[in-house]
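Scroll down for the structure; my scribbles are underneath it.
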Amino acid sequence: MLILFDVDATLITTSRLGIAAMGHAGREQFGENFNENTVEYAGRLDPLIIADLLAAHDQPVTHDAINAFHAGYRTHLARLLAERNTAKTCPGVPALLDALFAIKGLCVGVLTGNFPDTGRIKLAAAGIDTDRFHLHVWGCDSPHDPPARDHLPGVALQRYHTLHARHADPSQVWIIGDTPHDIACAKAHNCRSLGVATGMFDEENLRAA
């Protein structure tokens, strides 16, 4: 069995500090009128979020521009967490992870819209060792352009095969997350999903998805 966890509002919360870091990066690069609250964040891939932010502020959406914004975001995220660490695990997460990692033969991973570097920064700030997870699928890991979250479970299945030299049965793959995007990407690969109402979507929204 393979269990894949989303990160933000599923394993941890930073109390929107990641969004604040996006804002600082934007204002540093494009001036004081940059507004980070012009796009949707929940359940989306960081490369797409940055592309939308650039477009919303009439900036060219190129790989170089996305990479430059990503670098600024990483710098400000680390700075803000060092100044005031608002990262913490969601209720019950440490005990749950300990229990899952103790189960022989169970593969536990992350499947998240975060970049690898900023995702690791957030998880470490909340006290979670990213290296404990058996596999990682990040928001920049889609093999397609444009990327989509629906592509990521396929990447996870490929990495599971590389690790274990066997294919994972999609009916034995669980994707756990707090948004309809997590549920939709599971459906796209006939995987199972578990919605957790720890983010902005309530139980009714998640059941409907």
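The values are calculated or read from the model by the stated rules, or taken from the named source; none is laboratory data. What you are looking at is a predicted structure, and each value in this text was computed from that prediction instead of being measured. Cβ atoms come from the backbone with ideal geometry, glycine included; neighbour counts cover every protein chain shown. To get the accessible areas, we keep the full protein, side chains included, count just its heavy atoms, and leave off ligands, DNA and RNA. Shrake-Rupley method; radii C 1.70, N 1.55, O 1.52, S 1.80 Å.
Whole-Hz Karplus ³J(HN,Hα) for the range 169-178, in order, using 6.51 cos²θ - 1.76 cosθ + 1.60 and θ = phi - 60°, x for Gly and Pro?
Listing the rounded values in order: 6, x, 6, 10, 10, 10, 10, 10, x, 9 Hz.
Within 10 Å, count the other beta carbons around each residue, average over each peptide in 149-155, 53-59, and list them highest first.
On the way: 149-155: 20.4, 53-59: 16.0.
So the peptides 149-155, 53-59, ranked by packing, come out 149-155, 53-59.
With a sphere of radius 12 Å drawn around the Cβ of residue 15, what net charge do the other residues whose Cβ falls strictly inside it have (Lys, Arg +1; Asp, Glu -1)?
Within the 12 Å Cβ shell, the charges total +3.
Which shape class, rounded, prolate or oblate, goes with the range 139-204 when its Cα gyration tensor gives a ≥ b ≥ c as root eigenvalues, a/c under 1.5 marks rounded, and past that a/b bigger than b/c marks prolate?
oblate
What is the range 57-98 by shape, rounded, prolate or oblate, if you read a ≥ b ≥ c off the alpha carbon gyration tensor as root eigenvalues and call it rounded for a/c under 1.5, prolate for a/b larger than b/c, and oblate otherwise?
Here the range 57-98 falls in the prolate category.
Can you name the helices of the chain, as whole DSSP H runs, whose Cα span along the helix axis is 24 Å or more and whose Kyte-Doolittle mean is not below -0.5?
63-83
Just report the Cα centroid separation between the range 137-209 and the range 25-91, whole Å.
23 Å
Read phi for every residue in the range 190-204 and hand back ³J(HN,Hα) as whole Hz from Karplus 6.51 cos²θ - 1.76 cosθ + 1.60, θ = phi - 60°, with x for Gly and Pro.
Whole-Hz 3J(HN,Hα) from phi for the range 190-204: 6, 8, 8, 9, 10, x, 10, 8, 9, x, 8, 9, 7, 4, 4.
Using a cut-off of 13 Å between beta-carbons, work out the net charge of the residues near residue 66 (Lys and Arg +1, Asp and Glu -1, residue 66 not included). Intermediate values should be presented prior to the final figure.
Numbers: positive: 74; negative: 46, 52, 64, 145.
Value of the local net charge: -3.
Could you work out how much longer the chain between residue 144 and residue 164 gets when fully extended? Use 0.36 nm per residue separation minus the Cα distance between them, nm to one decimal.
4.7 nm
Does the range 84-185 come out rounded, prolate or oblate, given a ≥ b ≥ c as the square roots of the eigenvalues of its C-alpha gyration tensor, rounded meaning a/c under 1.5 and, failing that, prolate meaning a/b above b/c?
oblate
Residue-wise, which Karplus ³J(HN,Hα) couplings in Hz belong to the range 134-147, taking 6.51 cos²θ - 1.76 cosθ + 1.60, θ = phi - 60°, and x for glycine or proline?
6, 8, 9, 10, 10, x, 9, 8, 4, x, 10, 10, x, x
Return the calculated 222 nm mean residue ellipticity for the chain, to the nearest 500 deg cm²/dmol, obtained by summing -39500 (n - 2.57) across DSSP H runs with n ≥ 4 and dividing by the residue count.
Calculated mean residue ellipticity at 222 nm is -13500 deg cm²/dmol.
How many percent of Cα pairs in the range 81-123 exceed 17 Å?
Of the Cα pairs, 49 percent sit more than 17 Å apart.
In 5 Å bins starting at zero, report the fraction of Cα pairs in the chain per bin as a rounded %.
All Cα pairs considered, the percentages come to 1, 7, 16, 19, 20, 17, 11, 6, 2, 1, 0.
Can you send over the carbon and sulfur percentage of the accessible area for the chain, probe radius 1.4 Å, protein chains only?
Using a 1.4 Å probe with all protein chains present, the chain comes out at 52 percent carbon and sulfur.
Heads up, I need the accessible area for residue 163: 1.4 angstrom probe, whole protein in place, Å², nearest 10.
100 Å²
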